[in-house]
Structures are given as structure tokens and as C-alpha cells.
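Engineer: One structure follows; several queries about it will come next.
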Amino acid sequence: MEKIVYSKEQARELYEKMATIRYFEACIKHDSLAGEIPGFVHLYIGEEAIATGVCAALRQDDMIESTHRGHGHCIAKGADVNRMMAEIYGKETGLCQGRGGSMHIADFSIGMLGANGVVGGGYNLAAGAALANKAVLKNDKVSVVFFGDGASNRGTFHEAMNVASAWKLPVIFVNEMNCWASTTPYRATCNVENISDRAKGYHIPGVIVDGQDVFAVYEAAKAAVERARSGEGPTLIEAKTYRIEGHFVGDPELYRKKEETLKIFQDTDPLRIFRQKKILPDAECNEIEARCEEAIRKAKEYALSCSYPDAESFMKYVYVD
Amino acid sequence: MSIKTYKEATWEAMKEEMLRDPSVYAMAEDIIGNGGSMGHYIGLGQAVGDENRVLDAPISETAIVASAVGAALAGMRPVIDMRFSNCLPVCMDELTNQAAKSRYMFGGQGKVHMVVRCPDGIMKMQGAHHTDCLEAWFAHVPGLQVVIPSSPAEGKGLLKSAIRNDNPVIFFEHKTLFKMEGEVPEEEYTIPIGKARVARDGKDVSIIVYGVMVSRALEAAKVLEQEGVSAEVIDLRTVSPWDKETVLASVRKTGRVVVAHEAVRQCGFGAELSATIGEEAFASLKTPVVRIGAPFVPIPMSPHLEDMCRTLPKDIISAVKRVLS
Amino acid sequence: MRTLTFAQATCEAMAETMEKDPKIFVMGEDLARQGGIFGQFKGLPERFPGRIIDTPISETFIIGGGVGAALAGARPVVDMHFADFIGVPMDEIFNQMAKARYMFGGQARVPLVLRAPDGMTFQGAAQHSQCVEAWFCHIPGIQVVAPSNPYDAKMVLKAAIESDDPVLYFENKILYKEKGELPELGSEEPYQIGKAKLIRSGTDVTIVSYSIGMKNAVGAAAILEKDGIDAEVIDLISLSPWDKQAVLDSVKKTHRLCIVHEAVKQGGFGAEIAATVAEEAIEYLDAPILRYGAPFCPIPFAPTLEKKVRVYTEDLIRGIKSIF
């Protein structure tokens, strides 16, 4: 493959997205632990390069299906962090007007078709969206489904992979191999070391990529998107990463040692790995981070300033009016 | 008697039954890591002296349920845990077409003695995918039994019976129960499946409830007492089979009925209760049965919206006032 | 007037809607090559090449993929083969199809129809005979319909396909071959989901049913007439939302109610009707409500046993006579 030369502008965009996710998640973690955020939240810290790299290879009208760990996907696809924050706080101005929250965050205007509270709930939705776009609506939009290693043991994974391969659907299966299925180490309940091996069973390409390297992820995604858009069918990308935070904020993490996790984070932090490549000077990276931090501070301010939806409106949106 | 949480009491039930019967084992996602979704299996393997009887499963609900059906047919007594009741639809076929029917279809050749534990209900802004109460679906399925305990002592006695019972049992446990404290007998005991209990004697109105709604009904009854209303609270314990005799006896005494659950009202189990009472105690009813439950809406996340979907003591009180007027 | 079978009537509905809207497509097992296992898609694959799609035996994809296609802007009609298999994609129905619009604060629309052939045929036994509509009436976010004759089958299916919300369309397998009269093309009346139909006007007792249960309802009314009991018969057609007002109005007139369905009685949709009427019109009732459904038993195979889980018109007649 030809080596891609990245412009400063492209690199800046990638770093800014990753840093936005990082500061967003840090803020959510802090506020959730402080009891300010209602409900369950699941953090994407340490996995930022995957959503960022994949979504950078997509058009705005391409579609993604996300997971319960979905803030990163939503930001990477281009959602407004103010309205995301408002949603996570359960406010009227939130993307889903307070009906969804963290686990059901969505922004249809940019093809973000929703985070999902059901592990493994997204595959068939993405395959169906791909089928609709290809065979019914006859456009060239591509669908992506993100999923964890734990979710790859759902039967839905296999039903969707089979159909996508049989019909050469423009869908990309992006596995975030973060080594933990909630509290269970991936290999404790699965005998396949690389999830990408499963692609063989469906006669589609299975690619392993370093999920901490945003450029590597982008390049793998770009190839998969080209393949999908040109009618050649699906690709399974396995991005190797690590879940730095607990399964959810507040997880007692009885199953692993904090110091080991911290060490892994220090070694594999995607923001640090980006800086090591010296595509952007450190000073510029610092500036970007400062900007992101400020944007997230403002997003929180915005969320706090908004009101909760009128309780009496709770039946709105069950059905189309 | 000693004071225990629901989590501790049901943990003891698991331990006692596993020690009593080597064919009992537990399987769930995250059962090792954090001891299950509510930490209710922590240390269980060690306590029974065999870590292999507490099994971690992949995120494969269809395999968890169907393997339990197979294991039961082979003679084991599996206790599986769905983590959240919203995972039940993922394995709905395994529950309704395999677990429920195997014994009948095969002419009594096998027994499907298994327990499916399902933490359910609204706890704290978990949104539409982690909060539903689905007992009505399973109460409509011949072959399944549905048990819904209301307190630590009830949980322990009913779980032990469910494990010893020879039929598949769906065992719904409201998530807020796990921290609930209550008196639990020291000695060995079980509570029969299919038998309701009068949780509080009264003469003016019968409040028919199960699960978490029992404590809410008792709270409502206390308030009503101060207003001079004597409310009887019936804890169904089991919704399939359900104890029609105890319910009808209460209805014949009071002549007024409130049926309450946290599940969606439309086509909830309250409809079956209300319809049966209307059919079989028609002449005793002084006023129409009032049925309360969640409105016809998925559970929203935002706190004030979520509050609109709870069935609380104040709702029971206003329902009682309606049947008294 | 024209005479069509139930299956033909549904084909007509499909063809008319597909003709108008290219975003409508169909997927399921055994459709394109066979025209559906009950002939309910016959002729459509030839008429709409590429728009009737045969899927693998992957029910979570058929339904979940349908939901995804709807979210992307298409209007899928998906087929369940047998309603008994609906447990397999239950998560896709309950957690995705029904909730997407609400969870996402109105950003999504799920204009999807799920066709589910249900009910006892001859010796289908425990896994090919069930009626499970009650499960879905307990789910906010979806609509449930169950027509009883060819004309309704057509108009209800058209309404379901044109609806912007998901609809579960239960079609009884015995009914497929039943013939019925339809008005000439162009003079048919559109159906509005949620509306019941008054099939027979009467003054003494109201009989409420839907789908194949209407045979019991209409049959009982005809026989009761000879015995001097004038029954009113209501075909609910829609179960969620259901036409409460039509039933209440009728009960206020007749003061007696009998409900019948093929599904298991315990926890069946009849309980919802009975409970609602008892709550909202008890002072009008002269007798306890009668409710008929299957006993609490999986559907057995042997003909002698299967007979025991069916509801018979004689059961209704006996019951209704006992409340006078």
C-alpha cells in the first residue's frame, strides 16, 4: 500500500478529535463520580484513536452503529459536544431530549444511529442500514458497526456477518478489542485469540490494526471504506486496544489491579503515541488540548444551564404524531 | 432471626442449596469478576468448596439459557443469571420454545429444573435498555413458572424452593431489593411456590402486589391507616401459577381491590388479576377493581421523566381512595 | 364485488403500496423463490424484481436488519415465517424496533411491518401453532393488528405499511385460504389503525374478538339468535392501540360481555379487555365478563389432544346462556 502523507491540517483534526473525546470523558468521569450525572456511564478513555481513525475515513452521510461505550463514536462522527453533554445530563436540549442519556446517545443528522444498551445489538441494524442504502435507496453510503470483544460472542454477530458477506453489503465491522467483556477477561470465555480470525469463516478480509495509533486505524478504515463503497463488501477490522477505565464509572474492578491498568495506559496512550510521531510540534498539541479542555468546560456549563424536560412531556416520541 | 440484606439472604440460599445438592451450579456473565451484576455471587464458589460450580459465561445469552436447558435435561439443576431482565428477549426463544416446552413436547420424558434469575425494574436513570419488568410475558407461557420475591427472607425461601422445584422458574428480583435489609430466620426453611401470603391484614380494601411493590404497598397501608382505612396487602410471591384462592378470599372480605405493579399497565399481569377477580368475585365487588402500572412508554433516562414511570406508595394511596369513593 | 382469498388480498395490498413507493421492500425466508410458505407473497417477486429478498435463516438479521433499514430511510416489510419463531428476534423487536424513536428523542422513525403467520393448523404442535400477540400489546412503541377476513387483511396491511411506526401484523394460517368479498378497486375504504368494526348489531350481549376468534364470535351470534339472544359482535382488528370506546359503548348497551381468542387465556389480550371494561363500565354489567382462550398448556400434537386446547363456538354459547 502506498504510504499516506498527512497534511498538518489532517493531523490537527485527528488530534483535536482524540483530545475532545479525552477531555469529554474525563469531565463525565469526574461529574459521574460526584453524583452529578444520572444513570450508567461507560468511558472510552484510551480507545480514542479507534473512533477517530474510523470516522475520519467516513463521509458525514455514512452511518454508524455504536455501543454502550458510545461517547467517543458520537464525537468522532461530528456531534456537537454541548448537546451531547446536555443529553448525558438528561436535559431538554440534549440530542435525544433527555429520553436516551449516555447509553442511548444518537445524532441522526450526522449518521450516528445510536448507542445501544444491548451488547451486540448494533450489527444487524448496521447490516440492515447497509442493505437499505445499497439495494433500496440505491446510494453509496457505508455503514460501520463498532463492537467490543465481549459482543463478538453474541449470535447476532454471526447472523450479520454472514448476510453482509453473502450480499456484499457496504458495512464495516470494527472490533474494539479492549480485552475485557465487562468484568471477564476476553480469553476466559473465548478460544479465538484474534477476533479478526472469524472473518475467514465468512470469506471476508479480517484485518488487525494497532488501535492506539490513529493513523494506522485511519488507513485500515480507509481501505475498508473504499472496498465497501465500490461494492466489494464488508471488512472486519480488529483494533487492538485496552479498556483503561472500569466497565462503568463506579465499577469496583475487583477483577484486576489498578496499577497494571495504569502502566498499560502509560505505554499505550493514543495521544502520547500521536505526539511521538512528531507530525505536530508538542506546543501545538498542547494548544489543541487547551482548546478542547475549554470547549468541554463550556459544554458542561451549557448542560448545567439547561433545564430538564417538562415531566408532563414524557409520552412524546413513543409514536410518530 | 438476624438482619440481612436481600443480597446476603439469597447468597445463603445459593450456598445452602449448592451444598445440599451437587447438581446445582451457577452460570452468568461477570459472575466471577464482580460477583454478578449486583455482586450477589461474590465468594460463592469458595464457600461451597468448588470454584468450578460458579461459571463465567461469554456474552452469549442464547448459549447460557439453552445450555442450562440441556444440562437440566441431563440431570443438573442450573441457576443462571441474566444480569438485567432486558437481556431476556435475547434468549426468548430458548426460554419459551425450549425451556418451557421440552417436558411437555417429549411426553414427560425430561425435567427442566432450572432457575433464571433476572434483576429487573427501575433503579437509577438507566434508560430504556436496563429497566423493564417483563413478568407478564412469561406468565402467558405454559410450562414456565414465575416467582417474584419481596424481601430478604422471602427471597431466600423462594429461591431455595425454585432451585428444588422440577420446573423452569423465571425469578425476577427488583434491583432495589438487593440492598434491602430484613429479618431472616436462622433455621433452614423454604417457601412454597404458588402460595401467596397476607402481608398485612385489613378489612376495607385489598391491595394485590408482588416483588418490590409489597414494601411500597405496606408503606401506603401505614399512611392509609392514619386516615382510618384498613388495607389488606396480599403478596402474591408467584405470578404463575398464582394463588387465586388467597386473592379471592381477600376480595370477598373487603369487596374493594387495587392491583399494582411497576410493569407497563397495558397487558401487564394486573390485567389477568383484575379480569379473574371480575369474573370470579363479581358479586363481592363493591367498586371496580383499580389497576395501576407504568404508562405506555419506554423508560426515559432523564430523572423527572423517569419519575413519571414509577409506581410509588402515593400512587397506591390515590388508587385506594378511588376504590373507596 | 370481487372474491379473493386472505393470502391474495394481502398480495394486493403489498403490490399497491410497493407500486407507489420504491422505498418499500420485503425480506424473509422462502419468499422470492416460493412466494412465501403460505402463498402470501405469490406473484410479487416477479412483479418487483430485487425487492423481495430471500434471507438466510437468521431471524435476528431479518428483524434487526429491517429496523436498521428503516432507520436508514427505507420502508421494510419483514416476514417471520411462523409467529412461533418470534422469540428469536425478541430483542430486536422489544429493545430496538419499539424503542428507537423514543430513546433517540424523536430523531428516528421505524416504518416497518412485521408479518407473523400464527395459530393452530393441523397438528403443528408446540412450536408451530402459537398465538403470542399479548406479549406485544405490553410493549410501548409498536402497534399490533390481527385482521380476520380478506377485505380487512388488505386494508389493514396497507395501513400498516403506510404507518410511520412499527406494526406487528398477525395473520392466522387457517385464514389464508378463506375467501371473502372485497369492493371493486377504487371503492375500498382505507383502514385506520386502532379502529374496531361492528360486525353485527345486537342488544343482549357483546362478543369481542379478532383474527380467527371471529369465527367463534360470529358463529355463536348466529346460533344464539335462534335461541332468542341478540348478540352484538365486534371485531377489534387492532389490539394496540385498541378501540376501547367501541367496546365500552357496546357493553353499556348490552350489559354483558364475552371475549374470545385462540391464544392462551392466562395473561392473554382478553385479560386487558376484561380488566378495562370492569374498571370503566362495571356499573353497566349485569353479569361477570366471560373470557375464552386456550388452557395453560403448550399445543399438543395428537389430534385428540389438540382438540382440547381449541376454543369452540359451543363453549361460548353455553357460557353466554349461563349469564342470562
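Engineer: So, C:Asp79, is that one buried (at least 24 other Cβ atoms within 10 Å of the Cβ), within 24 Å of the chain's Cα centre (by Cα) and of a type in the set (Asp, Glu) or not? Please lay out each step first, then the result.
Structural biologist: Details: buried (at least 24 other Cβ atoms within 10 Å of the Cβ): yes; within 24 Å of the chain's Cα centre (by Cα): yes; of a type in the set (Asp, Glu): yes.
So C:Asp79 fits the description; yes.
Engineer: Just one of the numbered conditions (1) at the interface with chain A (Cβ under 9 Å from one of its Cβ atoms); (2) more than 21 Å from the chain's Cα centre (by Cα); (3) not β-branched (Val, Ile, Thr) is not true of C:Glu19; which one?
Structural biologist: The single condition C:Glu19 does not satisfy is (1).
Engineer: I need the helices (runs of 4 or more DSSP H) fully contained in the stretch B:28-128, keeping only those with at least 2 residues that are aliphatic (A, V, I, L, M) and surrounded by fewer than 24 Cβ atoms within 10 Å (Cβ to Cβ).
Structural biologist: Numbers: elements: B:44-47, B:61-73, B:102-105.
Where helices (runs of 4 or more DSSP H) fall fully within the stretch B:28-128 and carry at least 2 residues being aliphatic (A, V, I, L, M) and surrounded by fewer than 24 Cβ atoms within 10 Å (Cβ to Cβ), they are B:44-47, B:61-73.
Engineer: Tell me the residue from C:Ala125, C:Ala108, C:Ala100 that is closer than 21 Å to A:Val119 by Cα and surrounded by fewer than 24 Cβ atoms within 10 Å (Cβ to Cβ), please. Break it down into steps so the answer makes sense when it comes.
Structural biologist: Numbers: C:Ala125 fails: closer than 21 Å to A:Val119 by Cα; C:Ala100 fails: surrounded by fewer than 24 Cβ atoms within 10 Å (Cβ to Cβ).
After ruling out the rest, the residue left standing is C:Ala108.
Engineer: A follow-up question, please. Give me the pairs: first residue in the stretch B:295-308 and within 7 Å of chain A (Cβ to nearest Cβ), second residue part of a helix (DSSP H, G or I) and acidic (Asp, Glu), beta-carbon distance under 7 Å, and six or more apart or on different chains, which are they?
Structural biologist: Once the first residue is within 7 Å of chain A (Cβ to nearest Cβ) and sits in the stretch B:295-308, its partners that are part of a helix (DSSP H, G or I) and acidic (Asp, Glu) give B:Pro300/B:Glu306.
Engineer: When you scan the stretch B:1-27, how many residues do you find that are outside any loop (DSSP other than H, G, I, E, B) and more than 19 Å from B:Ile163 (Cα to Cα)? Walk me through how you get there before you give the answer.
Structural biologist: Looking only at the stretch B:1-27, we keep the residues that are outside any loop (DSSP other than H, G, I, E, B), and these are B:2-20, B:24-27.
In the following step, the residues that additionally are more than 19 Å from B:Ile163 (Cα to Cα) were identified as B:2-5.
Counting residues in the stretch B:1-27 that are outside any loop (DSSP other than H, G, I, E, B) and more than 19 Å from B:Ile163 (Cα to Cα) gives 4.
Engineer: In addition: Restricting to the stretch A:87-114, count the residues that are at the interface with another protein chain (Cβ under 7 Å from one of its Cβ atoms) and polar (S, T, N, Q).
Structural biologist: Within the stretch A:87-114, residues that are at the interface with another protein chain (Cβ under 7 Å from one of its Cβ atoms) and polar (S, T, N, Q) number 1.
Engineer: Looking at B:Asp56, B:Asp81, which is the one that is over 27 Å from C:Trp135 (Cβ atoms) and either within 11 Å of another protein chain (Cβ to nearest Cβ) or at pLDDT 95 or above (or both)? Walk me through how you get there before you give the answer.
Structural biologist: On the way: B:Asp81 fails: over 27 Å from C:Trp135 (Cβ atoms).
B:Asp56 is the lone residue from the list that is over 27 Å from C:Trp135 (Cβ atoms) and either within 11 Å of another protein chain (Cβ to nearest Cβ) or at pLDDT 95 or above (or both).
Engineer: Right, B:Ile170: buried (at least 24 other Cβ atoms within 10 Å of the Cβ), touching a helix residue (DSSP H, G or I) at 6+ places or on another chain (Cβ under 9 Å) and within 14 Å of another protein chain (Cβ to nearest Cβ) or not? Give the derivation first.
Structural biologist: Numbers: buried (at least 24 other Cβ atoms within 10 Å of the Cβ): yes; touching a helix residue (DSSP H, G or I) at 6+ places or on another chain (Cβ under 9 Å): yes; within 14 Å of another protein chain (Cβ to nearest Cβ): yes.
For B:Ile170, the condition - buried (at least 24 other Cβ atoms within 10 Å of the Cβ), touching a helix residue (DSSP H, G or I) at 6+ places or on another chain (Cβ under 9 Å) and within 14 Å of another protein chain (Cβ to nearest Cβ) - is met.
Engineer: Right, something else. Just one of B:Gly268, B:Gly228, B:Gly278 is within 14 Å of another protein chain (Cβ to nearest Cβ) and either surrounded by fewer than 24 Cβ atoms within 10 Å (Cβ to Cβ) or in contact (Cβ under 8 Å) with a residue 60 or more places away in the chain (or both); which is it? If you could, list the steps in order and put the result at the bottom.
Structural biologist: On the way: B:Gly228 fails: within 14 Å of another protein chain (Cβ to nearest Cβ); B:Gly278 fails: either surrounded by fewer than 24 Cβ atoms within 10 Å (Cβ to Cβ) or in contact (Cβ under 8 Å) with a residue 60 or more places away in the chain (or both).
Selected residue: B:Gly268, the only one of B:Gly268, B:Gly228, B:Gly278 that is within 14 Å of another protein chain (Cβ to nearest Cβ) and either surrounded by fewer than 24 Cβ atoms within 10 Å (Cβ to Cβ) or in contact (Cβ under 8 Å) with a residue 60 or more places away in the chain (or both).
Engineer: Could I ask something else about it? What helices (runs of 4 or more DSSP H), lying completely within the stretch B:203-287, carry at least 3 residues that are under 24 Å from B:Thr176 (Cβ atoms) and modelled with pLDDT of 95 or more? Can you show your working first?
Structural biologist: Values: elements: B:213-226, B:244-254, B:269-280.
Correct list: B:213-226, B:269-280.
Engineer: To continue, here is another question. Can you tell me which residue within the stretch A:12-69, out of those that are crowded, with 23+ Cβ neighbours inside 10 Å and acidic (Asp, Glu), is nearest to the other protein chains (Cβ to nearest Cβ)?
Structural biologist: Selected residue: A:Glu65.
Engineer: Mind checking which residues of the stretch C:179-216 are under 14 Å from the mean Cα position of the chain (by Cα), among the basic types (Lys, Arg) and not in a loop (DSSP other than H, G, I, E, B)?
Structural biologist: C:Lys197, C:Lys215
Engineer: Could you check the stretch A:21-116 for helices (runs of 4 or more DSSP H) lying wholly inside it with 1 or more residues that are closer than 20 Å to C:Gly105 by Cβ?
Structural biologist: Values: elements: A:48-56, A:71-77, A:81-88.
In the stretch A:21-116, A:71-77, A:81-88 are the helices (runs of 4 or more DSSP H) which contain 1 or more residues that are closer than 20 Å to C:Gly105 by Cβ.
Engineer: To continue, here is another question. What's the number of the only condition in (1) of a type in the set (A, V, I, L, M); (2) outside any helix (DSSP H, G or I); (3) touching a Leu at 6+ places or on another chain (Cβ under 9 Å) that A:Ile208 fails to meet?
Structural biologist: It fails just one condition, (3).
Engineer: Something else about it: With a cut-off of at least 2 residues that are more than 12 Å from chain B (Cβ to nearest Cβ), surrounded by fewer than 24 Cβ atoms within 10 Å (Cβ to Cβ) and not β-branched (Val, Ile, Thr), name the helices (runs of 4 or more DSSP H) lying wholly within the stretch C:220-324. So that I can check it myself, show each step before the final result.
Structural biologist: Values: elements: C:244-254, C:269-281, C:303-308, C:313-322.
Per the criteria, C:244-254, C:303-308, C:313-322.
Engineer: Let me ask something additional. From C:Gly141, C:Gly124, which residue is farther than 27 Å from A:Asp321 by Cα, touching a residue at least 12 places away in the same chain (Cβ under 8 Å), not assigned by TED's automatic domain parsing to the domain that holds C:Arg310 and not in a helix (DSSP H, G or I)? If you could, list the steps in order and put the result at the bottom.
Structural biologist: Numbers: C:Gly141 fails: farther than 27 Å from A:Asp321 by Cα.
From the options C:Gly141, C:Gly124, the qualifying one is C:Gly124.
The values are calculated or read from the model by the stated rules, or taken from the named source; none is laboratory data. Remember, it's a predicted structure, so these values are computed and weren't measured experimentally. Backbone-built Cβ (ideal geometry, glycine too); neighbour counts: all protein chains shown.
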